[in-house]
1. Only Cα pairs within less than 10 Å get springs; with that Gaussian network setup on the chain, which residue of 65, 26, 166 has the largest fluctuation?
2. Going by C-beta contacts inside 10 Å, put 112, 71, 169 in order with the fewest on the left.
3. What lysines could a cross-link reach from residue 203, if we take a straight Cα to Cα line under 26 Å and drop same-chain neighbours fewer than 8 places away?
4. Report, largest value first, the span of the C-alpha coordinates of the stretch 76-121 along each principal axis, in whole Å.
5. Counting Lys +1, Arg +1, Asp -1, Glu -1, what net charge surrounds residue 9 among other residues with beta carbon under 11 Å of its beta carbon?
6. Arrange the following residues from fewest to most other Cβ atoms within 10 Å of their Cβ: 27, 84.
7. Which value, in nm² and rounded to one decimal, describes the direction-averaged projected area of the C-alpha convex hull of the chain?
8. Using the Karplus equation 6.51 cos²θ - 1.76 cosθ + 1.60 (θ = phi - 60°), what ³J(HN,Hα) coupling, rounded to whole Hz, does each residue of the stretch 21-30 give in order, writing x for Gly and Pro?
Amino acid sequence: MRLLVVEDHDALARSIKRALEELRYAVTVVGDGEAALDELLTESYALAILDIGLPTRDGIDVCRAARAHGVGTTILILTARDGVEDRVSGLDAGADDYLVKPFSIEELLARVRALLRRAERPVAADVVAIGDVRLDRAGRTATALGTPLALGATEFRLLEYLLTNAGVVLTRQQILDRVWEYEYEGSGNIVEVYVSQLRRKIKGAGGADPIKTVWGVGYQVLAARQRIEG
Ligand code: CA
């Protein structure tokens, strides 16, 4: 399995590479944003670890450009700043997860394993359509009123989980457990952040928001409007 590490801090890049190679991953390291985008567009990586602060092009820009070109690689961004804006812009740009520096290599490896595990899960070959939103699990695409939604892998999985459980009130914890699969420390609002991104993207495409907030509990998509195709 091939992984891309994009980090301009040589010592950190080397230690990440060494740790991943011990787990038998094939690792390519690049140190700037242009080179990273070039790798993502021309090579097939299972996962990219992408630093935000980079020469030539920052990590958020690389992520956004890669997603705009249809790159589906799972992306874990590294941020030196503990600021919410950085995380939100990273996730908004289509990153699947983020890790705040400084982090331990063990923590990074745990994230990588979790991300790869969920990326490998086979998907059912069917289409779920609720209201204006249509999600094709086999094709990994989603649309609102026929307009493609540019979703990162985590946003896609969140939407899939919500739509396939239409009619059920899902707690934030259930969503976190199912969509993220590991404990997020110090970022309890991650589910809200993602749900509001999804809503923004659906509305941006002109669609009606199918996600109902159940105050103090979580979210629910109404089942009455559900139909399963295929
Ligand atoms: Ca950096």
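1. Taking springs between Cα atoms under 10 Å, the residue moving most is 26.
2. Details: 112 23, 71 18, 169 13.
By the 10 Å Cβ count, ascending: 169, 71, 112.
3. 212
4. Its Cα atoms span 30, 24, 9 Å along the three principal axes.
5. On the way: positive: 14, 101; negative: 7, 8, 10, 51.
Computed value for this residue: -2.
6. On the way: 27 19, 84 11.
Going from sparsest to densest Cβ surroundings: 84, 27.
7. On the way: hull surface 48.1 nm².
Mean projected area of the Cα convex hull: 12.0 nm².
8. Once θ is set to phi - 60°, the couplings for the stretch 21-30 become 5, 5, 8, 6, 8, 8, 10, 10, 10, 10 Hz.
Here, each number is a calculation from the coordinates, and none is a lab measurement. Keep in mind it's a predicted model, so treat the numbers as computed, not measured. Note that we place each Cβ from the backbone using ideal geometry, even for glycine, and neighbour counts take in every protein chain shown.
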